[in-house]
Amino acid sequence: MVKIALKLKANLENIESLNPSGPDFRWCLKFVCNNCGEISNKWNYASLSEEIPAQRGNAVNHFVNKCKLCSRENSLTILPETVSGIKAETCGEFKTVVVFDCRGLEPREFSAREGWVAKAADDGKTFDDVDLSEGEWADYCDKTNQPVGVYEIEHCFERVK
C-alpha cells in the first residue's frame, strides 16, 4: 500500500478558506495501474460516503476498479482524518487536502469540479457548492460588499509515509 497526498494551491480573492463540502464530496481522479502502466482515459471518483467492503479483512475501500488491460483489481481508500482545505494565508503554496491509501493504482490527474465550500474573508458569507470545473470561480459577497473568487488552481501528488 502506498499513501499519496493530493496537494492544492490557488489564488484566493477575499476568501478565508476553501474546503471540500463533507463526506459526500467527490474526488475526481484519473489513475495509472501499477501492474501494467495503463492510464485511465475517463474520470473516476472516490467519496467517503461510498464504502465498498474489502475482499479480505474488515477494511473499507472508497474506490475499486478492475484494470481494463491486465484485469487486476485495484483499490483506493480515503484517509478521513487527512481531509482539509486551503486557507488564505497559505494559498500561494501547495497544501495537502487529502491522503489516499492506494493498492495497485496511483492517481495521475485531479479535477476540482463542484462541491467546494468557500468562506469569505472578514466574517463574510459562506458559499456552498462552489463549482471549480472551469478552473476558477467568482462571485460577490453582499455581507462585505467585495468580489470573491478562486483562481489559478494547481495540484500535485506526493508520496507520504
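The values are calculated or read from the model by the stated rules, or taken from the named source; none is laboratory data. Keep in mind it's a predicted model, so treat the numbers as computed, not measured. Quick reminder, even Gly has a Cβ in these numbers, built from the backbone with ideal geometry, and neighbours come from all protein chains shown. For the accessible areas, the whole protein counts, side chains as well, though only heavy atoms, and no ligand, DNA or RNA atoms are used. Shrake-Rupley method; radii C 1.70, N 1.55, O 1.52, S 1.80 Å.
Here are a few things to note about the model shown:
- Taking the range 111-145 as the range and being within 21 Å of Leu8 (Cα to Cα), of a type in the set (Lys, Arg) and either assigned to a loop (DSSP other than H, G, I, E, B) or touching a Lys or Arg at 6+ places or on another chain (Cβ under 6 Å) (or both) as the test, only Arg113 passes.
- Here Gly37 meets the list (1) surrounded by fewer than 16 Cβ atoms within 10 Å (Cβ to Cβ); (2) touching a helix residue (DSSP H, G or I) at 6+ places or on another chain (Cβ under 9 Å) almost entirely, failing just condition (2).
- Members of the range 139-161 found to be under 20 Å from Ala120 (Cβ atoms) and under 20 Å from the mean Cα position of the chain (by Cα), listed by number: Gly149, Val150, Tyr151, Glu152, Ile153
- So Glu109, is it surrounded by fewer than 16 Cβ atoms within 10 Å (Cβ to Cβ) and in contact (Cβ under 8 Å) with a residue 24 or more places away in the chain: yes
- Scanning the range 56-71 for residues that are touching a residue at least 12 places away in the same chain (Cβ under 8 Å), open to solvent by 100 Å² or more (accessible area, probe 1.4 Å) and either under 15 Å from Cys102 (Cα atoms) or not basic (Lys, Arg) (or both) yields a single hit, Leu69.
- Qualifying residues in the range 118-137 (those that are open to solvent by 60 Å² or more (accessible area, probe 1.4 Å) and more than 20 Å from the chain's Cα centre (by Cα)) - the one nearest to Asp24 (Cα to Cα): Lys125
- Inter-residue pairs, beta-carbon under 6 Å, first in contact (Cβ under 8 Å) with a residue 24 or more places away in the chain and in the range 138-161, second exposed (fewer than 12 other Cβ atoms within 10 Å of the Cβ) and outside any strand (DSSP E or B), 6+ apart: Thr144/Asp122
- Enumeration of residues in the range 15-25 that are part of a loop (DSSP other than H, G, I, E, B) and either open to solvent by 30 Å² or more (accessible area, probe 1.4 Å) or among the small types (Gly, Ala, Ser) (or both): Ser21, Gly22, Pro23, Asp24
- Pairs meeting the criteria (first residue in the range 74-98 and closer than 15 Å to Cys156 by Cβ, second residue in a helix (DSSP H, G or I), beta carbons under 7 Å, at least 6 apart or on different chains) are Thr96/Thr82; Val98/Thr82.
- Residue list for the range 81-102, filter: under 14 Å from Ala46 (Cα atoms), over 10 Å from the mean Cα position of the chain (by Cα) and not acidic (Asp, Glu): Cys102
- Selection status of Leu12, of a type in the set (A, V, I, L, M), part of a strand (DSSP E or B) and modelled with pLDDT of 95 or more: yes
- Test result for Ser49, modelled with pLDDT of 95 or more and within 17 Å of the chain's Cα centre (by Cα): yes
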